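Colleague: Here it is, the structure, as structure tokens.
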Amino acid sequence: MLIRPPPEIPSSEITDPQVYAGRRDFVRTLALGLGAASLGLAHGAETRSGSSRFEGLLTSPFSTRDDKLTPYQSMTTYGNFYEFGPDKDSPAKNAHRLRTQPWMLTVDGEVKTAKTFAIEDILKWAPLEERIYRMRCVEGWSAVVPWAGFSFSELLKRVEPTGNARFVEFWSLADPEQMPYVRIPLLDWPYVEALRLDEARHPLTLLALGMYGEVMPKQNGAPLRLIVPWKYGFKGAKSIVRIRFVEKQPQTAWMKAGPDEYGFYSNVNPDVPHRRWSQANERRLGEFLKRKTLPFNGYADQVAGLYAGMDLRKNF
Ligand SMILES: Nc1nc2c(c(=O)[nH]1)N[C@H]1C(S)=C(S)[C@@H](COP(=O)(O)O)O[C@H]1N2
Ligand SMILES: [Mo]
């Protein structure tokens with residue numbers, strides 16, 4: 001669980017040609033499952049994975065330009081998705097069981113009219129941008145990833161929150177038939193994360209459908225996940241089926257699992273250690289030396305204003 005010290009990544013995991021070959025087949029199957037044609041994907045384009053590439057991704061002014069991208073291989077073989085198991089390689093091993101087609105997203109709660117969208121329909125009104133973001137896991141590893149997605153604020157053009165809406169919850173799928181570890185109380189399923197409405201509205205807050213120009217791999221949260229680059233990685237709920245607007249600050253899955261370790265805000269803050277380890281440094285996947293962790297993961301200029309007047313030691 002998120003309860004481990006920052007891990008080492010064996011170099012064998014990064015270079016083993018058998019792992020690589022296995023993933024190619026896996027991603028190819030995934031692309032077929034998602035129905036490339038209906039998503040407006042480019043065909044025949046050579047890809048690193050055998051998957052389909054998104055056509056005509058817009059370049060985003062919000063992209064980080066100076067950082068080296070994390071290798072695709074590292075991002076798809078090392079991560080957290082507890083519905084598929086507790087180890088860093090569990091998602092890559094087990095997420096093939098996820099059925100991403102058909103997939104419906106329900107938006108309800110404090111909205112004028114609750115709505116359910118098919119992923120194909122979302123792609124018709126949401127122009128996808130490539131957003132290169134830094135991400136930082138609370139465990140001390142980090143990555144630089146070219147996501148493909150659209151600002152959450154695009155969704156707010158389709159659903160109108162009521163005056164009572166102050167927070168937004170993001171619910172991951174919790175289906176024990178597809179996700180074997182949902183039978184085990186590792187967390188209080190479903191995995192739910194949440195943002196304050198103004199945080200959700202911030203243009204950096206992304207709903208992502210892909211990465212590295214391609215359809216989202218299942219282990220990274222296909223078909224739709226949240227990305228909040230100035231917060232710890234666990235805020236980015238994967239495989240989202242429900243977005244609910246609410247009045248009161250919700251409990252999240254990690255707050256329930258460890259209230260003194262995981263707060264609601266979860267902003268990347270090198271000055272506030274996790275109860276059991278420092279948050280001052282991080283190691284990029286695929287790199288050896290550690291680097292200093294920046295406040296708000298380097299996005300302070302854009303987001304610090306959201307927290308003006310708040311004590312971020314108390315509201316960790
Ligand atoms: N549903 C769900 N979403 C999740 C998780 C999870 O276990 N279940 N883990 C989170 C954590 S702790 C991290 S660091 C990121 C890792 O995913 P990524 O490497 O694809 O960004 O996913 C987040 N989203
Ligand atoms: Mo994480």
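The values are calculated or read from the model by the stated rules, or taken from the named source; none is laboratory data. Just so it is clear, the structure is predicted and the values come from calculations on it, not from any experiment. Positions of Cβ are backbone-derived with ideal geometry, glycine not excepted, and every protein chain shown enters the neighbour counts. Keep in mind that these areas ignore ligands, DNA and RNA; they rest on the heavy atoms of the full protein, side chains included. Shrake-Rupley method; radii C 1.70, N 1.55, O 1.52, S 1.80 Å.
Colleague: Might you check whether a residue that is in a loop (DSSP other than H, G, I, E, B), among the aromatic types (F, W, Y) and more than 15 Å from ligand 2 (Cβ to nearest atom) occurs anywhere in the stretch 94-105? Lay out the reasoning, then the answer.
Modeller: Here is the first cut: in the stretch 94-105, the ones in a loop (DSSP other than H, G, I, E, B) are 98-103.
Imposing the further condition that a residue be among the aromatic types (F, W, Y) reduces the set to 103.
From what's left, more than 15 Å from ligand 2 (Cβ to nearest atom): 103.
Taking every residue of the stretch 94-105 in turn, at least one turns out to be in a loop (DSSP other than H, G, I, E, B), among the aromatic types (F, W, Y) and more than 15 Å from ligand 2 (Cβ to nearest atom).
Colleague: Identify the residue in the stretch 142-195 that is closer than 17 Å to G221 by Cβ and aromatic (F, W, Y) and, among all such residues, is nearest to ligand 2 (Cβ to nearest atom).
Modeller: Y191
Colleague: State all residues of the stretch 270-299 that are within 20 Å of the chain's Cα centre (by Cα) and more than 16 Å from W141 (Cα to Cα); if no residue qualifies, say none.
Modeller: Selection gives Y299 alone.
Colleague: To continue, here is another question. Taking only pairs six or more apart or across chains, which ones have beta-carbon atoms under 6 Å, a first residue in the stretch 117-144 that is among the small types (G, A, S), and a second residue that is assigned to a loop (DSSP other than H, G, I, E, B)?
Modeller: G140/P6; A143/T70; A143/L285
Colleague: With respect to K256, determine if the residue is under 30 Å from A92 (Cβ atoms), touching a residue at least 24 places away in the same chain (Cβ under 8 Å) and surrounded by 19 or more Cβ atoms within 10 Å (Cβ to Cβ).
Modeller: no
Colleague: Then there's this: With E214, E261 as the choices, which residue is among the acidic types (D, E), over 20 Å from V107 (Cβ atoms) and either within 16 Å of ligand 2 (Cβ to nearest atom) or under 12 Å from the mean Cα position of the chain (by Cα) (or both)?
Modeller: That would be E261, the only listed residue that is among the acidic types (D, E), over 20 Å from V107 (Cβ atoms) and either within 16 Å of ligand 2 (Cβ to nearest atom) or under 12 Å from the mean Cα position of the chain (by Cα) (or both).
Colleague: Might you check whether a residue that is within 16 Å of ligand 2 (Cβ to nearest atom) and at pLDDT 95 or above occurs anywhere in the stretch 239-247?
Modeller: Yes.
Colleague: Can you say whether K88 is under 24 Å from S266 (Cα atoms) and among the basic types (K, R), as far as the supplied structure shows? Before you say what the answer is, go through the steps one by one.
Modeller: Details: under 24 Å from S266 (Cα atoms): yes; among the basic types (K, R): yes.
Yes: the conditions hold for K88.
Colleague: Within the stretch 56-71, how many residues are surrounded by 14 or more Cβ atoms within 10 Å (Cβ to Cβ) and farther than 14 Å from G149 by Cβ? Reasoning before the result, please.
Modeller: To start, the set of residues in the stretch 56-71 that are surrounded by 14 or more Cβ atoms within 10 Å (Cβ to Cβ) comprises 57, 60, 62-64, 67, 69-71.
Adding the requirement that they be farther than 14 Å from G149 by Cβ leaves 64, 67, 69-71.
Number of matching residues: 5.
Colleague: Working only within the stretch 83-122, note down all residues that are more than 16 Å from ligand 1 (Cβ to nearest atom) and either touching a helix residue (DSSP H, G or I) at 6+ places or on another chain (Cβ under 6 Å) or open to solvent by 60 Å² or more (accessible area, probe 1.4 Å) (or both).
Modeller: Across the stretch 83-122, the qualifying residues are Q101, P102, M104, K112, T113, A114, K115, T116, E120, D121.
Colleague: Something else: Those residues that are farther than 19 Å from G233 by Cβ and open to solvent by 20 Å² or more (accessible area, probe 1.4 Å), I need them from the stretch 175-187; list them, please.
Modeller: Within the stretch 175-187, D175, P176, E177, P180, V182, R183, I184, P185 qualify.
Colleague: Could you list, in sequence order, all residues of the stretch 188-204 that are crowded, with 24+ Cβ neighbours inside 10 Å and under 17 Å from I132 (Cβ atoms)?
Modeller: Across the stretch 188-204, there are no qualifying residues.
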